[in-house]
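Take a look at this one; I'll ask things after.
The values are calculated or read from the model by the stated rules, or taken from the named source; none is laboratory data. Computed from a prediction, not measured in an experiment: that's the story for all the values here. Cβ: placed from backbone, ideal geometry, glycine included. Neighbour counts: every protein chain shown.
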Amino acid sequence: MKLFNKAVIIGTGLIGASLGLDLKKRHLVSQITGLSRHQSNARLAKKSGAIDYVASSLDAVNDADLVILATPVNSILEIAFKIAGKIKKECIVIDVGSTKQQIVSKINRVIPNFVGCHPLSGSEKRGVANLAAGIFNNSICIITPTVKTDKKVLSKVSLLWRKLGSKIIILSPEKHDRILAFTSHLPHAVAFSLIGSVPDKFLSLSSGGLKDTTRISASDANLWSEVFLSNRRNILTCLLAFQTRLSVLKLALERKNKKLLMKILSAANKKREKLG
């Protein structure tokens with residue numbers, strides 16, 4: 001079922017290329033053009049079957065029905081402003097950024113048919129070389145419309161993600177950023193800090209626990225620095241909550257209070273079980 005004739009994916013990294021691959025495999029678009037800051041990435045995406053054509057400039061969006069912004073947060077805003085005067089009036093534009101409030105509020109001013117999206121399908125791996133088919137299947141995609149979002153546009157974007165196999169959750173951009181600060185951004189902040197706390201000379205004796213809990217610290221530094229800064233206030237709130245929890249654990253150790261330690265660890269065990 002073709003939903004769009006021409007789609008343009010700007011940013012052919014892991015998410016952008018994987019999205020192109022699934023759009024083609026599920027026959028949701030007639031043709032896909034890819035564009036990347038480094039043309040070698042777009043050429044590799046074409047070779048991998050994720051896109052049909054490689055573009056050399058943003059003019060590729062002129063006749064597009066769908067534009068997907070799949071770059072780091074700051075680049076999403078920059079590119080959106082550049083293509084605002086190039087796209088057709090009816091063209092739908094979506095992004096796949098990890099924060100939403102800043103992106104949605106600014107882009108909606110220049111692109112009426114913009115809908116913020118966040119597929120929870122990422123990985124610590126990066127680049128088109130790690131693209132994978134089906135990563136959106138049975139995953140969650142958060143869509144963040146506003147009161148100004150056209151209902152028909154929202155319906156079509158929702159259908160697109162459902163056709164990719166995703167479960168749709170609708171949140172306001174503000175609520176998205178508050179929640180994801182705890183469930184995604186805080187874990188990354190902790191992982192980066194945790195691995196940074198371990199002396200290099202001890203890494204050769206690291207256990208599986210260290211590797212498991214710091215896996216996401218291998219994520220792209222540039223991308224995550226932009227995520228942290230774009231959701232700074234919410235993340236600071238999360239870090240304060242985490243510091244409070246850590247200070248209670250520290251206190252229990254200082255006082256050799258096993259009862260308090262057991263209470264802390266048992267409560268954490270039960271909460272972790274809820275994740276499945």
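What about Val104, is it assigned by TED's automatic domain parsing to the domain that holds Lys151, touching a Pro at 6+ places or on another chain (Cβ under 7 Å) and not in a loop (DSSP other than H, G, I, E, B)?
Criteria met by Val104.
Please specify each residue of the stretch 10-32 satisfying the condition of being farther than 15 Å from Lys47 by Cβ and β-branched (Val, Ile, Thr).
Ile10, Ile15, Val29 - these are the residues of the stretch 10-32 that are farther than 15 Å from Lys47 by Cβ and β-branched (Val, Ile, Thr).
Considering only residues that are of a type outside the set (Val, Ile, Thr), outside any helix (DSSP H, G or I) and surrounded by 16 or more Cβ atoms within 10 Å (Cβ to Cβ), which ones fall in the stretch 131-164?
Residues satisfying the conditions are Leu131, Phe136, Ser139, Cys141, Pro145, Leu164.
Now for a different question. Given the condition in the same structural domain as Asp212 (by TED's automatic domain parsing), in a loop (DSSP other than H, G, I, E, B) and farther than 20 Å from Ala70 by Cβ, answer yes or no: does some residue in the stretch 109-119 qualify?
no
Among the listed residues Ile87, Ile79, Ile51, identify the single one that is of a type in the set (A, V, I, L, M) and part of a helix (DSSP H, G or I).
Ile79
Pick out the one residue from Thr33, Thr99 that is among the β-branched types (Val, Ile, Thr) and not in a strand (DSSP E or B).
Testing whether each residue is among the β-branched types (Val, Ile, Thr) and not in a strand (DSSP E or B) leaves just Thr99.
Pairs under 8 Å by beta carbon, first residue assigned to a helix (DSSP H, G or I) in the stretch 207-233, partner surrounded by 13 or more Cβ atoms within 10 Å (Cβ to Cβ) and aromatic (Phe, Trp, Tyr), six or more apart or different chains?
From the stretch 207-233, the pairs are Ser217/Phe192; Trp224/Phe192.
How many residues, within the stretch 194-206, are loosely packed, with under 10 Cβ neighbours inside 10 Å and either in contact (Cβ under 8 Å) with a residue 40 or more places away in the chain or part of a helix (DSSP H, G or I) (or both)?
To start, the set of residues in the stretch 194-206 that are loosely packed, with under 10 Cβ neighbours inside 10 Å comprises 196-197, 199-202, 204-205.
Filter again for either in contact (Cβ under 8 Å) with a residue 40 or more places away in the chain or part of a helix (DSSP H, G or I) (or both), leaving 196-197, 200-202, 204-205.
Number of matching residues: 7.
Same structure, new question: Yes or no: the stretch 183-192 includes at least one residue that is in contact (Cβ under 8 Å) with a residue 60 or more places away in the chain, under 22 Å from His118 (Cα atoms) and surrounded by 13 or more Cβ atoms within 10 Å (Cβ to Cβ). Can you show your working first?
If we filter the stretch 183-192 for residues that are in contact (Cβ under 8 Å) with a residue 60 or more places away in the chain, which is where we start, we get 184-185.
Pick out the ones that are also under 22 Å from His118 (Cα atoms) and you get 184-185.
When the remaining residues are screened for being surrounded by 13 or more Cβ atoms within 10 Å (Cβ to Cβ), the result is 184-185.
Within the stretch 183-192, one or more residues are in contact (Cβ under 8 Å) with a residue 60 or more places away in the chain, under 22 Å from His118 (Cα atoms) and surrounded by 13 or more Cβ atoms within 10 Å (Cβ to Cβ).
Looking at Ser197, Ser193, Ser139, Ser206, which is the one that is within 18 Å of the chain's Cα centre (by Cα) and small (Gly, Ala, Ser)?
One residue alone meets the criteria, Ser139.
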